[in-house]
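For reference, the structure is listed below as structure tokens.
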Amino acid sequence: MPYGPTPETSTASTSAAPPRIVPPTLRPRITPGRSRGRPARAARALRHASPALLAYGAVRLFGALVLALWARRERRDVWHLLAESWDCDWYLKIADKGYAHTLGTQIDANNLAFFPLHPLLIRAGSVIVPEPRGAVGLAVAVACSFLAAWGIFAVGDHLYGRRAGVLLAALWGSLPVALVQWMGYTESLFTALTAWALYAVLTGRWIWAGALASLAGLTRPTGVALAAAVSLTALLTLFRRGGLSVLSVRILTGALLAPLGWLSYVGWVGLRLGRWDGYFAVQKLWRNEWDGGVATVRTMTDLLSVQRPQLFLIMVTATLLGSVALFVLSVCDRQPLPLLIFTGLLLLIVLGSKGVYFPRARFLLPGFPLLLPLAAALARARTHAAVTVMVAAAVTSAAFGGHMLLAWMGPP
């Protein structure tokens, strides 16, 4: 296996790992023989990940505190901003009233553009917990953000060691638009599913990888990028192995499961609207069409010609350009194939769309593998240098988070 040991092999079987990646045998590993039962293994894994979860929680709590103080000064309702504004309201209405039955002609108005898993969780949570659905949606996002941080740590720990894993999770929580992770949006849920699906691929858990990728395909349109990463990696692994075995069946099952969620929702929208391209017709009404990046480049060029461009749009542009640079570094670092496929397709979708420009930094939040070169570099740096960088990132994230919800007059 080129991406890490499978459950059927020894954890010391890592000869095909990229040379710059720390062999798993040099790090603490959690294997079935070292603990009694799944609960004990989960508890041990949680203890191993606890520094990453604490670091992530500290960064996000600081950002939330800055937002609360800023909002109080501006006399703005923090609860509404985090739980009921913009896309949060769309998901709450879908959970309450369901989806539209017709396509219509109104721009930015058809809720079939929003994938169903998050509203389903809100509806299910509202049955269990008698609280306002805004509270349920926000609770789902916050809980999933910690699951995402755990999965992100697991990927970083598997590839570069525990210190890099902790820094990777903290960096993800320190992105300029990381405040969205604690809003009633889908980014935390999608990132959690993505992180654990990619970890499952790296460790040879193919059925888990396919199932999680399928759920991600029910969460966001960019779930197709994760599905492709899982399926293509699985098929390539089958080709390299040759012959039939129990493991081959598992790999093939994972490959077939991965795209089912995305295909199911897109197909259901087509049936609901009575046309095969129903979902894409909905996206067209939201002005989300792929043009290969022409509109993106034009918008960036226009921003350069403006004498005083808006700060939020400058940040979005810097995030997009920085993400491209980080992808190049990721390729040069020879990251495992599933990570490169996922981040490459995610960038292709986000940069190649001619839809609205301002939410694209948010759309890239699930692309945490792009941060691996930074996390690996910080893990090799002296402690005081790494701490300085992380503090600066946390402060910058808190400032941009407050600006995004209180100064930028539009959706994040």
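The values are calculated or read from the model by the stated rules, or taken from the named source; none is laboratory data. Computed from a prediction, not measured in an experiment: that's the story for all the values here. As a convention, Cβ positions derive from the backbone with ideal geometry for all residues, glycine included, and neighbour counts pool all protein chains shown. Note: areas computed on protein heavy atoms with side chains; ligands, DNA, RNA excluded. Shrake-Rupley method; radii C 1.70, N 1.55, O 1.52, S 1.80 Å.
Sites count as exposed loop sites when they are trypsin sites (Lys or Arg not before Pro), lie in a DSSP loop, and have at most 12 other Cβ atoms within 10 angstrom; the longest stretch of the chain without one is 76-381. Take D89: with every protein chain present and a 1.4 Å probe, its accessible area is about 60 Å².
Considered as an equivalent ellipsoid built on the Cα gyration tensor, region 185-273 has semi-axes of 24, 15, 9 Å, the largest given first.
Average accessible surface for region 311-412: 38 Å² per residue, computed with a 1.4 Å probe over protein heavy atoms with every protein chain in place. The residues packed around M315, meaning those with a beta-carbon under 14 Å from its beta-carbon, carry a net charge of +2 if Lys and Arg are +1 and Asp and Glu are -1.
When peptides 307-320, 397-410, 339-352 are ranked by their average number of other Cβ atoms within 10 Å per residue, the highest-first order is 339-352, 397-410, 307-320.
Could you tell me whether region 97-152 comes out rounded, prolate or oblate from its Cα gyration tensor? Rule is a ≥ b ≥ c as square roots of the eigenvalues, rounded for a/c under 1.5, then prolate if a/b exceeds b/c, otherwise oblate. Because a/c hits 1.5 or more and a/b fails to exceed b/c, region 97-152 counts as oblate.
Overall, the anisotropy analysis places region 209-321 in the oblate class: the square-rooted eigenvalues a ≥ b ≥ c of its C-alpha gyration tensor yield a/c not less than 1.5, with a/b not exceeding b/c. Computed over Cα pairs, the Kirkwood radius of region 268-405 leads via Stokes-Einstein (1.567 mPa s, 4 °C) to a diffusion coefficient of 75 µm² per second.
Highest mobility in the GNM of the chain, judged by mean-square fluctuation with C-alpha springs under 10 Å and restricted to A64, A385, A394, is found for A385. The distance linking region 77-152 with region 159-202 is 20 Å (Cα centroid to Cα centroid, whole angstrom).
Using a Förster distance of 25 angstrom, determine the FRET efficiency expected from the C-beta separation of H80 and A399, and round it to 0.05. About 0.75, to the nearest 0.05. Hydrophobic long helices, here whole DSSP H runs in the chain with Kyte-Doolittle means of at least 0.0 and Cα atoms spread over 18 Å or more along the helix axis, are found at 37-74, 133-160, 187-202, 223-241, 260-273, 311-332, 337-352, 383-406.
Label-to-label distance, T383 versus W290, with points set 7 angstrom from Cα along the beta-carbon direction: 4.8 nm.
Could you check which residue among A361, A58, A49 shows the biggest mean-square fluctuation in a GNM of the chain with a 10 Å Cα cutoff? For the chain, modelled as a Gaussian network with Cα springs under 10 Å, the answer is A58. All C-alpha to C-alpha distances of the chain, sorted into 10 Å bins beginning at zero, yield P(r) values of 5, 21, 33, 27, 12, 2, 0 percent in whole numbers.
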